[in-house]
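Chemist: Following this message is one structure expressed as structure tokens.
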Amino acid sequence: MNEHDQHQPGSFFTRYIWSQDHKVIAIQYSITAIFVGLIALGLSALMRLQLGFPGTFDFIDASSYYQYVTMHGMIMVIYLLTALFLGGFGNYLIPLMVGARDMVFPYVNMLSYWVYLLAVIVLLASFFVPGGPTGAGWTLYPPQAILQGTPGADWGIVLMLISLAIFIVAATMGGLNYVTTVLQARARGMTMMRMPLTVWGIFMATILALLAFPALFVSAIMMLFDKLAGTSFFMPAILSMGQPLDHEGGSPILFQHLFWFFGHPEVYIVALPAFGIVSDLISTHARKNIFGYRMMVWAIVIIGVLSFVVWAHHMYVSGMNPYFGYFFATTTLIIAVPTAIKVYNWVLTLWRGNIHLTLPMLFALAFVATFTVGGLTGLFLGNVVVDLPLSDTYFVVAHFHMVMGVSPILVIFGGIYHWYPKITGRMLNERLGQWHFWGTFLGTYAIYFPMHYLGVLGVPRRYYAFENYDFIPESAQALNVFITVAAILVALIQLLFIFNLVWSLFRGREAGSNPWQATTLEWQTETTPPGHGNWGRELPVCYRWAYDYSVPGYEQDFLPQNMPGTHSAGEPAGVRV
Amino acid sequence: MSLLQVLREKPWQAQAVSASTSGGNVGRTGLKILLGVISVLFLLFFVAFLMRSQYPDWQPLAEEPGQPLYNKSALWLNTIYLGVASLMFQWASRSAGRSNWRTARVGMLLGGLFAAAFVGGQWMFWQELQSQGFLVNDSPALSFFYLLTGLHAVHVLAGLLVWLLSMLGLAGRLHRTDFVRLCTLYWHFLLLLWLVLFGFLVSKPETYDAIAAFCGLG
């Protein structure tokens, strides 16, 4: 039996359910992540209904509002974005882009998905237990997270912590695969620096995940002990409902440090794959080599390293030592440098490119704009003195939704429009896609731009209702109505996307093997969609980097990475770093 | 090639394709990355331990008679079990390298049994502590003791599960030198981790204070 035959699955079950094929696992991850993402989207719509039309909906009381907030945040950040970028895109693209037959540990990869699914089930089960899911806020700060008075303090918080621990086990199993595959299963000729930036972004994000998720694991386990065994890791001496509890001496700030030591790298676990993917979308759809490839890789590595020394900028108002604030403000502003380099390089890649306004390109452009807006407000919040008055206002909500909510989601959409033809063999419907793009892009600005103004007015976030606050003008409520209407429209427009995914699967235009005329290896497979084992009998050989677009002296404007020979007409055009 | 050399490569320039692929011992690489993740996990627990130790209600575990870890003889015995397990795996690894499979199998068997003895010994020590009234929520240091030794035991048990499957002949893995070597590496790591953990848990408060002050946590 040769290597190719080993990758042939047997029955229906081993092919589609208990599959060890990275492509099937990627689709399983993606469908599950999108499913829970839709639940979280529904929860945000409920939150907006309360904020836009307070008191109109009887079933939304203060407790359920906090539960919606908490579950929305946690699902979006962990169970949707992390799972979709690493488990979905990472799983599908890494082996194909580096020229491997599969992940190096296919069985562990399969387990990773099923453990992730278990984490999702445990999380969703909390909707059906007495007291419902936790309403502690996605940061789960003790002591309130496990005390009576917080929704879900009995069952919800326990299921949340257990679910997170299970998720981390799943993410670690996946992460071991992604990193080892990139390091040791690349095709002949595929040097690290010939890898597409998508792989670099996912690779670095996975390293961050492997190093940062343990911090969340530590805090989750210690809080479970505080909750279930009565220990006092985080719990200080405290009165609850007028009664003194058995806890004493614990440190809530310790939890915050652990949580944000995970929480800030988490931002980049989501952002780095998005950076990588958007680089490839822009280069491919502008028919131009990426500007400053090496600097793009360096920036990914530097951002990854720096992301571990900025965590306490989430804690300026926690009462920690003020000198910490000075240090963390400085590191936070330094991380803006490599990030800005990336933005410049995307723009310079577009400059004098042959820009095709395809759907992936539209989403990529929207990402650059949105990420810049979100990044700039980050400069405000990174400075301690500016952060203090803006802390816990809608300015913060606007900032992080722009920079790590909308931006990565735009890249996810762009990525799906880009790779759907490879995954299914069919194109997504262009007209539906245009509606989806413009509705989402303009709609999200309609939601989050006004929130900056609400924040500057001092409107606090996480509040269920704003009655009897003299400092909030009535016009703020008018803005809230507008935001709610926009949010519901944007949520409904996502149904178009879901419809498009299903409809195009059966009725979409045949895509052919390389509809975008891209250079990277995943577009050069023998069959589309690629079969189990990806490459037929012979593994590909990589002869060039991933960005040979519009090379002078060639008839076609792209040279696939597996095309033999060196450039006869010199090196590719473009400025080099 | 070093990381810096990799990052300085200019991929847009023409290069000859080398004959070799990037492939190496993927199992070993995967295991090393896993050990890195486990190390980070315990390192973060140690940091949490140090930060918590700076609060006034902290009570050391092994300073005076009557404290839970003052009598360490049972823990020393468990340490010997794990040390012997590690030695046995090393023996098995050497034998496997010389294709001496009979000895390798004996080494693997003994290694696993001693590791199981370690877990059993830890469990008995827990029971002993409980019978003396030292419960998990008695003091923060004791909470850390139960948590960290429990987590370490979970990692030993996970290793034992893989060991058991291999001893039962599932997947026929015992005949692969690589597998024996990976087991050996894992058990050396568990021993090292236990020694650090043991030393850490029975250290004097002054040691914690000094480390915490050095790290700026004091």
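Chemist: Is it the case, given these coordinates, that residue A:292 is under 30 Å from residue A:545 (Cβ atoms) and buried (at least 16 other Cβ atoms within 10 Å of the Cβ)?
Modeler: Values: under 30 Å from residue A:545 (Cβ atoms): yes; buried (at least 16 other Cβ atoms within 10 Å of the Cβ): yes.
Yes, satisfied.
Chemist: Select, from A:221, A:202, the only residue that is out of contact with any Lys or Arg (no Cβ under 9 Å at 6 or more places or on another chain) and either facing chain B (nearest Cβ under 9 Å) or on the phi > 0 side of the Ramachandran plot (or both).
Modeler: Testing whether each residue is out of contact with any Lys or Arg (no Cβ under 9 Å at 6 or more places or on another chain) and either facing chain B (nearest Cβ under 9 Å) or on the phi > 0 side of the Ramachandran plot (or both) leaves just A:221.
Chemist: Let me ask something else. Those residues that are more than 9 Å from every other protein chain (Cβ to nearest Cβ) and either free of Cβ contacts under 8 Å to residues at least 40 places away in the same chain or part of a helix (DSSP H, G or I) (or both), I need them from the range B:46-59; list them, please.
Modeler: Scanning the range B:46-59 gives B:46, B:49, B:50, B:53.
Chemist: Continuing with the same structure: Could you tell me which of the residues B:7, B:31, B:43 is without any contact (Cβ under 8 Å) to a residue 40 or more places away in the chain, surrounded by fewer than 20 Cβ atoms within 10 Å (Cβ to Cβ), out of contact with any Ser or Thr (no Cβ under 9 Å at 6 or more places or on another chain) and closer than 22 Å to residue A:218 by Cα?
Modeler: Only one candidate qualifies: B:43.
Chemist: Under the condition of being closer than 19 Å to residue A:91 by Cβ and not hydroxyl-bearing (Ser, Thr, Tyr), which residue from the range A:525-538 is surrounded by the fewest Cβ atoms within 10 Å (Cβ to Cβ)?
Modeler: Among those residues, the one meeting the criterion is A:529.
Chemist: Same structure, new question: How many residues are polar (S, T, N, Q) and farther than 30 Å from residue A:541 by Cα if we restrict to the range A:79-127?
Modeler: Here is the first cut: in the range A:79-127, the ones polar (S, T, N, Q) are A:82, A:91, A:109, A:112, A:126.
From the residues that got through so far, the ones that are farther than 30 Å from residue A:541 by Cα too are A:82, A:126.
Adding up the residues that qualify gives 2.
Chemist: Quickly run through the range B:27-38 and pick out the residues that are more than 9 Å from chain A (Cβ to nearest Cβ) and small (Gly, Ala, Ser).
Modeler: Matches in the range B:27-38: none.
Chemist: Still on this structure, please answer the following. Going by what's in this entry, would residue A:20 be described as part of a loop (DSSP other than H, G, I, E, B), in contact (Cβ under 8 Å) with a residue 24 or more places away in the chain and among the polar types (S, T, N, Q)? First the steps, then the outcome.
Modeler: On the way: part of a loop (DSSP other than H, G, I, E, B): yes; in contact (Cβ under 8 Å) with a residue 24 or more places away in the chain: yes; among the polar types (S, T, N, Q): yes.
Considered against the rule, which asks whether it is part of a loop (DSSP other than H, G, I, E, B), in contact (Cβ under 8 Å) with a residue 24 or more places away in the chain and among the polar types (S, T, N, Q), residue A:20 comes out as yes.
Chemist: For the range B:60-82, does any single residue satisfy the condition of being surrounded by fewer than 15 Cβ atoms within 10 Å (Cβ to Cβ), β-branched (Val, Ile, Thr), more than 14 Å from chain A (Cβ to nearest Cβ) and closer than 30 Å to residue B:207 by Cβ?
Modeler: Checking the range B:60-82: at least one residue is surrounded by fewer than 15 Cβ atoms within 10 Å (Cβ to Cβ), β-branched (Val, Ile, Thr), more than 14 Å from chain A (Cβ to nearest Cβ) and closer than 30 Å to residue B:207 by Cβ.
Chemist: Go over the candidates B:112, B:159, B:107, B:133 one by one and state the one that is exposed (fewer than 15 other Cβ atoms within 10 Å of the Cβ) and either touching a strand residue (DSSP E or B) at 6+ places or on another chain (Cβ under 6 Å) or more than 14 Å from chain A (Cβ to nearest Cβ) (or both).
Modeler: Exactly one of B:112, B:159, B:107, B:133 is exposed (fewer than 15 other Cβ atoms within 10 Å of the Cβ) and either touching a strand residue (DSSP E or B) at 6+ places or on another chain (Cβ under 6 Å) or more than 14 Å from chain A (Cβ to nearest Cβ) (or both), namely B:133.
Chemist: Taking the condition of being modelled with pLDDT of 95 or more and either within 18 Å of residue A:322 (Cβ to Cβ) or not hydroxyl-bearing (Ser, Thr, Tyr) (or both), how many residues in the range A:391-402 meet it?
Modeler: Of the residues in that region, 8 qualify.
Chemist: Considering A:533, A:553, which residue is under 17 Å from residue A:96 (Cβ atoms), more than 12 Å from every other protein chain (Cβ to nearest Cβ), modelled with pLDDT under 95 and part of a loop (DSSP other than H, G, I, E, B)?
Modeler: Of A:533, A:553, the one residue that is under 17 Å from residue A:96 (Cβ atoms), more than 12 Å from every other protein chain (Cβ to nearest Cβ), modelled with pLDDT under 95 and part of a loop (DSSP other than H, G, I, E, B) is A:533.
Chemist: Picking from A:241, A:193, A:223, A:173, which residue would you name as being buried (at least 24 other Cβ atoms within 10 Å of the Cβ) and in contact (Cβ under 8 Å) with a residue 12 or more places away in the chain?
Modeler: None of the others qualify; the one that does is A:223.
Chemist: Another question, if that's okay. Filter the range B:93-108 down to the residues that are over 17 Å from residue B:165 (Cα atoms) and touching a Lys or Arg at 6+ places or on another chain (Cβ under 9 Å) and list them by number.
Modeler: Result: B:93, B:95, B:96, B:97, B:100, B:103.
Chemist: Given the options B:174, B:164, B:182, B:151, name the one that is within 14 Å of chain A (Cβ to nearest Cβ), in a helix (DSSP H, G or I) and modelled with pLDDT under 95.
Modeler: Sole residue among the options that is within 14 Å of chain A (Cβ to nearest Cβ), in a helix (DSSP H, G or I) and modelled with pLDDT under 95: B:182.
Chemist: For the range A:418-432, how many residues are surrounded by 24 or more Cβ atoms within 10 Å (Cβ to Cβ) and more than 16 Å from residue A:528 (Cβ to Cβ)?
Modeler: Counting residues in the range A:418-432 that are surrounded by 24 or more Cβ atoms within 10 Å (Cβ to Cβ) and more than 16 Å from residue A:528 (Cβ to Cβ) gives 0.
Chemist: A further question on this structure: For the range A:318-434, which fully contained helices (runs of 4 or more DSSP H) count at least 1 residues that are farther than 30 Å from residue A:30 by Cα?
Modeler: Hits in the range A:318-434: A:322-350, A:359-382, A:384-390, A:394-401.
Chemist: Count, please, the residues in the range A:261-283 that happen to be within 13 Å of chain B (Cβ to nearest Cβ), within 21 Å of residue A:336 (Cβ to Cβ) and over 17 Å from the mean Cα position of the chain (by Cα).
Modeler: The total comes to 1.
The values are calculated or read from the model by the stated rules, or taken from the named source; none is laboratory data. In this text the structure is predicted, and so the values were computed from the model without any measurement. Ideal geometry is used to build each Cβ from the backbone, glycine not excepted, and the neighbour counts take in all protein chains shown.
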